[in-house]
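The values are calculated or read from the model by the stated rules, or taken from the named source; none is laboratory data. The shown structure was predicted, so the numbers you read here are calculated from the model rather than taken from an experiment. When we count neighbours, we look across all protein chains shown, and the Cβ atoms used for this are built from the backbone with ideal geometry, even at glycine. Quick note on the areas: whole protein, heavy atoms, side chains included, nothing else; ligands and nucleic acids left out. Shrake-Rupley method; radii C 1.70, N 1.55, O 1.52, S 1.80 Å.
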Amino acid sequence: MASIKAERLVKRYGAVQAVHGIDFEIADGEFVAILGPSGCGKSSTMRMIAGLEKISEGSIYFDGKRVNDVRARDRNVAMSFESYALYPTISIYENIAFPLRSANVDNREIDRQVRDIAEKMELTSLLDLKPKGLSSGQAQRVGLARALVRNPAVFLLDEPISHLDTRQRYRMRRFIKSLHQKFNYTMIYVTHDQEEALALADRVMVMSDGEIQQMAVPDEVYARPKNAFVAGFVGEPPINFFDCGVVAEPGGWAIEFQGRRLVLPERLHATAQQIGAGGLAAIRPHFLSIGEESPLRLDGKVFITEELQDQNLVMVDVGDIRFTLVAHPSVMPKRGEIVPVSIDPAHLLLFPRSQADKVGSIAA
Amino acid sequence: MLQRDSSFAREALRYGLIVLVLGFIVFPIAWMIITSFKPPEDVMVSPPRFLFTPTLENYVHAIYDKNFLFYIKNTLFISVTSTVIVIIAGSLAAYSFARYNVGDGHLLFFILSTKMFPAIAVILPYFLIFRDVGKTGVGRFLGIGLDQPGALIISYTVFNLPFAIWLLVSFFQDIPRELEHSARLDGLSRLQVLAKVVCPLAAPGIAVTGVFTLIFSWNEFLFAYILTRKVASTVTVGVESFFTLQGILWGPVAAAATISVLPMLVFVLAMQRYMVRGLTFGAVRG
């Protein structure tokens, strides 16, 4: 087990810079998810921690000890890969035994440890098979078993379950969470799936364009995103963004859009003051509703209703803004119907207009 | 009825074509083997005789009078040595091209482009170089002068290496990087990763490349003919020596040719399993 600290970490591939000098700290036994779209630098960051990529600039410390020049095999880091990376020519047993054999553990001890981890991972009946015959769920469990068999100081997981089908994914997610709770490994989990990140991690590190956008506990990332990128990337269905004017009111601030005015809650006053005239407001689909009382009601024309059984997604046009809102399954407005839409200002978010292009990059 | 006729016709056509193609391939080989057992008076008659009293006379002539096994020995030494060098150097080069993209693709293209000019274009400079190098102390020590095995080993290595690298690169590219990453984290050094993880996976590809290289070297004629006289001559040159002033000794030529085909035939049959695996390895994934 180890704590990890990164200082002004930079990764360059030739002229391309993938990671732009990031700083972070991960406590011993903490489970951190690195979340971001492809190309955001999350995998480069992980591979630098593993020692598979050279660190271009900056430092990484394990338990306060600088590991830049420590080779991958000497860092005691285990990793499980998206593609499982099982050695195809040898049996499952030998796959799991591989790290022990390269550490020259004696055969009796290898056998004991392999069988022990196989038991925990429900792999005992598969030990004599070659990786080729395994289902993807089994292959990933073998990958995890091989990673865990030597008791790593840091356990890295690179998109470990993105190849699994939905049902397997839920199973595996719980399994990984239980591993962490049982053994208290320092775990870093790279994913582009925000649901996985929020569900599993103690803290989520959201990355984009080689920079850390926010690093915080899941609740905070969800409810108090630091910028428009985080707000747009985290949350399903995606948050609604709309342009607004920011105006001073007696004793506070308000936003104006579609000719309506909404008084801002106090926590947004400072933000409003910084932003000045043009703002980018955001509200999650769960905090919009149809027909409920609120300080601001808008008339919206229903564009489409998606019935998802446990909830309905309604897309409504308010002027030229299209909002998505989550409604109770009993609420099924027809296309073209005019409905009252209310916004819960307690959950409203406000960003500078200049961040609008960051939002565009999520969709792309 | 009509249906059956047309499907019968189609099957007939299919087998007809197979027989035709097989005929083209098998007939010359069969002809060579049959001729090698014919007594001299039956060799060049028209129409050809297929009923004759088989004799080993041609083999006796080739092996004892012409000392043909000497050429086999030379060829074996030269082509196996060259193949081993090609495989080792080629694998290392191909691995670095596949993994580190050395030279950004330009170097790989340059290496392959050396295959684009005909061998005969360089034969004269090769001749001159080996003649001069062979006179130096180092050249004599390494046996790389004219009519010495080293000259042919170097020539074959130079000429087979580009093709081998080109073939091997795709095999190495097909091996997932994650496997190497995983092995490095599991405690192996880079060289151990190459030996324990990469090579076993690339084995079918390396086998295929080795077989091709060996066959090319074994069958090569031009360099062997120009660069050797007696001491280092290979089988192809050996067969040519049967074209004497007194005429072409067709019977012994056939016997010698049969002898020189045999080792490769046995070798390829033994390697067939790997070759098919190696040849389809890239295709299936691509």
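Okay, here's what the table says:
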| quantity | calculated |
| --- | --- |
| Residue match in region B:177-196 (condition: surrounded by 21 or more Cβ atoms within 10 Å (Cβ to Cβ) and more than 30 Å from A:Pro160 (Cβ to Cβ)) | no |
| Residue that is more than 20 Å from A:Ser80 (Cα to Cα), within 14 Å of another protein chain (Cβ to nearest Cβ), of a type outside the set (S, T, N, Q) and over 17 Å from the mean Cα position of the chain (by Cα), where the choices are B:Ala183, B:Ala195 | B:Ala195 |
| Residues of region A:261-284 classified as open to solvent by less than 90 Å² (accessible area, probe 1.4 Å) and either among the β-branched types (Val, Ile, Thr) or not in a helix (DSSP H, G or I) (or both), total | 15 |
| Pairs, first over 16 Å from A:Val154 (Cα atoms) in region A:168-182, second part of a helix (DSSP H, G or I), C-beta under 6 Å, six or more apart | A:Gln168/A:Gly137 |
| Region A:63-92: number of residues that are of a type outside the set (Phe, Trp, Tyr), within 8 Å of chain B (Cβ to nearest Cβ) and under 25 Å from the mean Cα position of the chain (by Cα) | 6 |
| Condition met for A:Ser354 (outside any loop (DSSP other than H, G, I, E, B) and among the hydroxyl-bearing types (Ser, Thr, Tyr)) | yes |
| Failed item, numbered, when B:Leu69 is tested on (1) modelled with pLDDT of 95 or more; (2) open to solvent by 70 Å² or more (accessible area, probe 1.4 Å) | (1) |
| Members of region A:143-167 that are open to solvent by 50 Å² or more (accessible area, probe 1.4 Å) and either touching a Ser or Thr at 6+ places or on another chain (Cβ under 9 Å) or under 24 Å from A:Gly41 (Cα atoms) (or both) | A:His163, A:Asp165 |
| Residue check, B:Phe130 in a helix (DSSP H, G or I) and not small (Gly, Ala, Ser) | yes |
| Pairs where the first residue, in region A:101-120, is away from chain B (no Cβ under 14 Å) and the second is open to solvent by 100 Å² or more (accessible area, probe 1.4 Å) and not in a helix (DSSP H, G or I), C-beta under 6 Å, 6+ apart | none |
| Qualifying residue in region A:40-58 (condition: more than 14 Å from every other protein chain (Cβ to nearest Cβ) and among the β-branched types (Val, Ile, Thr)) | yes |
| Out of B:Val60, B:Val84, sole residue that is within 17 Å of B:Ala164 (Cα to Cα) and in a helix (DSSP H, G or I) | B:Val84 |
| Failed condition for A:Leu123, given (1) away from chain B (no Cβ under 14 Å); (2) in contact (Cβ under 8 Å) with a residue 12 or more places away in the chain; (3) open to solvent by 50 Å² or more (accessible area, probe 1.4 Å) | (3) |
| Filter pass, A:Val331 being β-branched (Val, Ile, Thr) and either open to solvent by 50 Å² or more (accessible area, probe 1.4 Å) or assigned to a strand (DSSP E or B) (or both) | no |
